[in-house]
Each structure stands twice: as structure tokens, then as C-alpha cells.
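Derivation of every value follows stated rules applied to the coordinates shown; laboratory data play no part. No experiment lies behind these values; they were computed from the predicted model shown. When we count neighbours, we look across all protein chains shown, and the Cβ atoms used for this are built from the backbone with ideal geometry, even at glycine.
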Amino acid sequence: QVQLVESGGGLVQAGGSLRLSCAASGSIYTIHDMGWYRQAPGKQRGLVARITSTGSTNYAESVKDRFTISRDNAKNTVYLQMNSLKPEDTAVYYCNAQIFYRWNAGGDYWGHGTQVTVSS
């Protein structure tokens, strides 16, 4: 049973910073891509940032100059450093990972989400 657990969300003022963490646990053979998505009230869930197993990254245009995604493969953990936060960053942030539990079997897994609220 594979699980992803996010942490680090909270309430901050505009211009502040937060660091989100997501740790994978369970029956893991290997982890490929990992990423962060967010969903604001009344909006669809969208990409924030993704990172491959070798460190290649991509970001949503709205965050690429402010957020940094990284990962620690030894800890099965992905991070999202969020700086210069804006009220429009307010959303539930979800961790996603492509996890294989055998060499030829796996799929996408999602965490339960962590709330980020940025006040003006």
C-alpha cells in the first residue's frame, strides 16, 4: 500500500514563504516523476511544478520565478519552496508521484492535500 503524505501548509502574509514536503511510503520499487498540483475554490486542479527522477523540472508560468521544486531520492520525498507568495497562490496543494511497486507495475498516486492560505 503506497501512500503520499504532504506537510508544511499554513497561513502566511503576502510576500512570505512556505516549504511543502511530501513523503512517499509503502511498497515502493522505484519513483519516477514527482510533482505538485493545486486547486483553488471553483477552479480545476492544475500543475504547479514537476521533477523527474534525474532532476529535470518544469513549472507553471505563474510560479516559475518564485517557486522551486526539489527531491531527495534517499528519503522518497519531494519539496516545494514557495517564496514571494501572493493571495492568488491560495489553494489546496496536492503531491503527485509516479510510483512502481514492481519493475513492471505501477501508477500515479496522490496525497490528501495541504492547505496554503496567503493573506493580503
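A few notes on this one:
- DSSP assigns beta bridges within the chain; of those with both partners inside it, close to 90 percent run antiparallel.
- P(r) weight above 22 Å for the range 14-120, C-alpha pairs, percent: 29
- Straight-line cross-link partners of Lys43 among the lysines, defined as a Cα under 21 Å from its Cα and at least 8 positions apart when in the same chain: Lys64, Lys86.
- Applying 1/(1 + (r/R0)^6) with r as the Cβ-Cβ distance of His112 and Thr54 and R0 = 22 angstrom yields a FRET efficiency of 0.20.
- The trypsin sites (Lys or Arg not before Pro) of the range 6-104 that DSSP puts in a loop, and whose beta carbon has at most 16 other beta carbons within 10 Å, are Lys43, Arg45, Lys64, Arg66.
- Inter-label distance, Lys86 to Ala14: 1.0 nm, where each label sits 7 Å from its Cα along the C-beta direction.
- Computed from the C-beta positions of Asn73 and Arg45, the FRET efficiency with R₀ = 22 Å rounds to 0.30.
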